[in-house]
Amino acid sequence: MSEERLQEIKDSLNAQYEIAKSDNKYQSVYVVLDEEQELIEEIERLNNIIKTKDEGFKASIEELTDYANRIDKALEYIKEYLYINEETGEYCLTHTFDSSNLYELMKILKEKNK
């Protein structure tokens, strides 16, 4: 439910309370109004849960996007050391990966995007 619609319901409820207060003949209206107030509180509670879940979902997407970007960077780094053997059509390394290459690759994979 939108915030605007929820505010409309609250305003309507407050107006109904004022009308009921002005005339004591409408005591039974208080019961209905109290139930409406409980429904509004439940809607607000559920809206808060949805907002919290939505924020968590957005954070998860951002985290997954960050991981995907790191993997892309790592693949680009590895591709710098590859060439295609014209005879076999296979990828070959230009040289053996050593500790410095692996260190750079690990740095790329661990570095969070800003």
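The values are calculated or read from the model by the stated rules, or taken from the named source; none is laboratory data. These numbers were taken from a predicted model, which means no experiment stands behind them. Don't worry about glycine lacking a Cβ; one is built from the backbone with ideal geometry, like all the others, and counts go over all protein chains shown.
Only one of the numbered conditions (1) modelled with pLDDT of 85 or more; (2) surrounded by 10 or more Cβ atoms within 10 Å (Cβ to Cβ) is violated by residue 44, and that is (1). For residue 12, the requirement of being modelled with pLDDT of 75 or more and surrounded by 11 or more Cβ atoms within 10 Å (Cβ to Cβ) is met. Looking across 68, 59, one residue alone is out of contact with any helix residue (DSSP H, G or I) (no Cβ under 9 Å at 6 or more places or on another chain), over 27 Å from residue 103 (Cβ atoms) and not basic (Lys, Arg). It is 59. Considering only the stretch 81-101, I want to know if a residue exists there that is assigned to a helix (DSSP H, G or I) and surrounded by 10 or more Cβ atoms within 10 Å (Cβ to Cβ). Yes, there is a match, as at least one residue in the stretch 81-101 is assigned to a helix (DSSP H, G or I) and surrounded by 10 or more Cβ atoms within 10 Å (Cβ to Cβ).
In the stretch 93-114, the residues that are more than 11 Å from residue 77 (Cβ to Cβ) form Cβ pairs under 9 Å with partners that are aromatic (Phe, Trp, Tyr) and not in a helix (DSSP H, G or I), at six or more places apart or across chains, as follows: 93/81; 93/83; 94/81; 94/83; 95/81.
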